[in-house]
Amino acid sequence: QVQLVESGGGSVQAGESLRLACEASGVTFSRCAMAWVRQAPGNEREFVAAISWDGHTTYYGDSVKGRFTISRDNAKDTVYLQMSTLKPEDTGVYYCASKLGLVHHVVREYKYWGQGTQVTVSS
């Protein structure tokens with residue numbers, strides 16, 4: 001059974017940083033493309049970032065380019081999202097998602113999802 005467990009969320013002030021982590025189990029992590037997706041209240045899920053199985057290819061949503069960095073450690077079955085210069089509009093629940101095969105920036109391509117971690121950014 002595939003499990004994705006996110007951690008690292010919290011409440012911060014605008015301009016501060018947070019690092020999210022997502023640990024996977026029940027899957028061969030090194031074969032998976034991984035993504036971060038967020039959802040603000042009343043909004044649809046929004047693609048944030050994705051990374052290929054080997055870490056060589058990354059994609060970012062336009063709203064986070066230059067501020068967020070996705071990375072992974074296949075030895076720890078963990079993917080990270082370093083978030084810098086946070087803005088109030090970054091507030092939402094951040095989900096980790098995985099898929100076998102090629103990395104993709106389309107949210108519906110990802111098959112397995114974590115429960116999410118809340119990020120709140122105040123001005």
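Using Cα pairs closer than 8 Å and at least 6 residues apart in sequence, work out the relative contact order for the chain, in percent.
Over the chain, the number comes to 36 percent.
Could you state the number of Å between the C-alpha centres of the stretch 102-116 and the stretch 2-37?
12
Counting only protein heavy atoms, what percent of the accessible surface of the stretch 1-80 is carbon or sulfur at a 1.4 Å probe?
42
Straight-line reach from Lys65: which lysines fall under 16 Å, measuring Cα to Cα and dropping same-chain residues less than 8 apart?
Candidates past the 8-residue exclusion: Lys87.
Please compute the net charge surrounding Val79, taking Lys and Arg as +1 and Asp and Glu as -1 over other residues with Cβ under 9 Å from its Cβ.
Taking every Cβ under 9 Å from that of Val79, the sum is -2.
Pop the C-beta distance of Glu44 and Asn74 into the FRET formula with R0 = 25 Å and round what comes out to the nearest 0.05.
0.25
Compute the FRET efficiency between Thr28 and Lys87 as 1/(1 + (r/R0)^6), taking r as their Cβ-Cβ distance and R0 = 30 Å, and round to the nearest 0.05.
It comes to 0.25.
Taking K and R as +1 and D and E as -1, what net charge do the other residues with C-beta under 14 Å from the C-beta of Ala21 add up to?
After counting each charged neighbour, the total is -1.
Work out the charge dipole of the chain with +1 on the Cβ of Lys and Arg and -1 on the Cβ of Asp and Glu about the Cα centre, then indicate which of Tyr95, Ile70, Ser25 is farthest towards its positive end.
Ser25
Search the structure for amide H atoms under 5 Å from the amide H of Lys99, placed 1.01 Å from N in the peptide plane, and list their residues when 5 or more places away or on another chain.
Amide H neighbours of Lys99: Ala33, Lys111.
For a quick check, take a GNM of the chain with Cα springs below 10 Å and name the residue from Asp77, Asp62, Asp90 with the largest mean-square fluctuation.
Looking only at Asp77, Asp62, Asp90, the biggest GNM fluctuation is shown by Asp62.
Which of the trypsin sites (Lys or Arg not before Pro) found in the stretch 1-98 are loop residues per DSSP with 12 or fewer other Cβ atoms within 10 Å of their Cβ?
Answer in residue order: Lys65, Lys76.
Please work through the chain and write down the cysteines that have no neighbouring cysteine Cβ at a distance under 4.7 Å.
Cys32 - these cysteines have no disulfide-compatible partner (Cβ-Cβ under 4.7 Å) in the chain.
May I ask for the net charge around Leu100, where only other residues with Cβ less than 13 Å from the Cβ of Leu100 are counted and Lys, Arg are +1 while Asp, Glu are -1?
Combined, the nearby Lys, Arg, Asp and Glu give +2.
Would you list, by chain and number, the aspartates and glutamates whose Cα falls below 13 Å from the Cα of Lys76, excluding same-chain residues fewer than 8 positions away?
Correct list for Lys76: Glu23.
Relative contact order for the stretch 57-123 using alpha-carbon pairs under 8 Å, separation at least 6, rounded to a whole percent?
It rounds to 32 percent for the stretch 57-123.
Given a 1.4 angstrom probe, what's the average accessible area per residue across the chain, in square angstrom?
Computed with neighbouring chains in place, this is 52 Å² per residue.
The values are calculated or read from the model by the stated rules, or taken from the named source; none is laboratory data. Not measured: the values here are computed from a predicted model. Glycine gets a Cβ as well: all are built from the backbone with ideal geometry, and neighbour counts include every protein chain shown. We work out accessible area using only protein heavy atoms, side chains counted, and drop any ligands, DNA or RNA first. Shrake-Rupley method; radii C 1.70, N 1.55, O 1.52, S 1.80 Å.
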